[in-house]
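Step one of this worksheet: look at the structure below.
The values are calculated or read from the model by the stated rules, or taken from the named source; none is laboratory data. Everything quoted here is computed from the prediction, not taken from an experiment. FYI the Cβ positions are ideal-geometry reconstructions off the backbone, even for glycines, and counts take in every protein chain you see. We work out accessible area using only protein heavy atoms, side chains counted, and drop any ligands, DNA or RNA first. Shrake-Rupley method; radii C 1.70, N 1.55, O 1.52, S 1.80 Å.
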Amino acid sequence: MPIIVEKKKLFTLVLTLDEKNRKILLGMKKRGFGSNKWNGFGGKLEPGETIVQAAYRELEEEAMIQAVDMDKIGINLFTFENDPVALEVHVFRSTEYKGTPTETEEMRPEWFSYDNIPFDTMWPDDRIWFPLFLKGQQFLGEFHFSEDQKRVLEQDLREVSHVPEEYDLTQRKLT
């Protein structure tokens with residue numbers, strides 16, 4: 001069955017690393033889309049906001065920390081059975097921040113060792129692209145989910161030397 005994409009929505013995802021101690025900061029989503037899953041920090045763009053501005057804002061709103069550095073490391077394009085709207089998620093990597101990760105109404109932050117990432121309570125695609133993320137490799141991913149959002153039905157993940165400004169829908173590998 002073909003994967004139809006009529007439009008896409010932009011989102012950000014920020015993952016903060018403590019490289020010295022080999023830890024990653026994740027947040028338990030407390031409400032809304034993705035609730036009861038560990039994830040990075042991010043969300044929708046506000047009107048007039050750039051993707052980078054949204055990434056900084058969302059990290060501060062959801063974890064109460066301010067990134068000192070932030071690099072875009074990838075883009076994941078998510079599609080869902082019987083839904084013509086794709087989610088284009090710009091993935092950022094931060095290794096330095098100000099403040100103390102603090103629980104908010106939306107997220108409960110917690111540090112995890114690279115060897116103990118809770119993949120069983122995360123989105124199923126995370127197991128696939130996190131290894132590239134953790135080694136600092138830029139990537140483009142496409143993940144097509146079942147209608148119930150519990151299974152990845154098809155996927156394409158590739159390393160790139162440069163992450164584009166946006167995901168060009170004409171270059172999709174899954175159709």
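Highest GNM mean-square fluctuation, the chain, Cα pairs closer than 10 Å: which of GLY34, GLY48, GLY74? Ranking GLY34, GLY48, GLY74 by mean-square fluctuation puts GLY48 first.
Surface composition of region 22-153: carbon plus sulfur atoms contribute 45% of the solvent-accessible area (1.4 Å probe, protein chains only, all chains present). 3J(HN,Hα) along region 62-79, derived from phi through the Karplus expression 6.51 cos²θ - 1.76 cosθ + 1.60 where θ = phi - 60°, amounts to 8, 10, 6, 10, 10, 5, 8, 10, 7, 10, 6, 10, x, 9, 10, 10, 10, 10 Hz, with x in place of Gly and Pro. Less than 5 angstrom separates the built amide H of LEU153 from those of HIS144, PHE145, SER146, all sequence-distant by 5 or more or on a different chain. For the pair LYS98 and ASP156, a Förster radius of 30 Å applied to the C-beta separation gives a FRET efficiency near 0.25, rounded to the nearest 0.05. For ILE73, the residues whose modelled amide H falls within less than 5 Å of its own, excluding neighbours fewer than 5 places apart on the same chain, are VAL91, PHE92, ARG93.
Based on C-alpha pairs under 8 angstrom that are at least 6 apart in sequence, the chain has a relative contact order of 25 percent.
The phi torsions of region 146-157, fed into the Karplus equation with coefficients 6.51, -1.76 and 1.60 and a -60° offset, translate into couplings of 5, 4, 7, 6, 9, 9, 8, 8, 9, 8, 8, 10 Hz, rounded to whole numbers, with Gly and Pro shown as x. Note that region 1-56 presents 58 Å² accessible area per residue, ligands and nucleic acids not counted, probe 1.4 Å. In a simple Cβ point-charge model (Lys, Arg +1; Asp, Glu -1; nothing else charged), region 1-150 has a dipole of about 220 debye relative to its Cα centre. Solvent-accessible surface of region 58-175, taken per residue with a 1.4 Å probe and all protein chains present: 51 Å². Phi angles across region 2-7 convert, under the Karplus curve 6.51 cos²θ - 1.76 cosθ + 1.60 with θ = phi - 60°, into 3J(HN,Hα) values of x, 9, 8, 10, 9, 7 Hz, Gly and Pro given as x.
Past the 29 Å Cα-Cα mark, which pairs from LYS7/LYS29; LYS98/LYS173; LYS30/LYS173; LYS20/LYS173; LYS9/LYS37; LYS20/LYS44?
On the way: LYS7/LYS29 26 Å; LYS98/LYS173 39 Å; LYS30/LYS173 33 Å; LYS20/LYS173 36 Å; LYS9/LYS37 21 Å; LYS20/LYS44 31 Å.
Listed pairs above 29 Å: LYS98/LYS173; LYS30/LYS173; LYS20/LYS173; LYS20/LYS44.
Simple rule: put +1 on each Lys or Arg Cβ and -1 on each Asp or Glu Cβ in the chain, find the dipole, and look at VAL5, ILE117, MET70; the Cα lying farthest toward the positive end is ILE117. Report note on the peptides 147-156, 95-104, 52-61: ranked by the mean count of other C-beta atoms within 10 Å, highest first, their order is 52-61, 95-104, 147-156.
Calculated mean residue ellipticity at 222 nm for the chain: -4000 deg cm²/dmol, from DSSP H runs with n ≥ 4 weighted as -39500 (n - 2.57), summed, divided by the residue count and rounded to 500.
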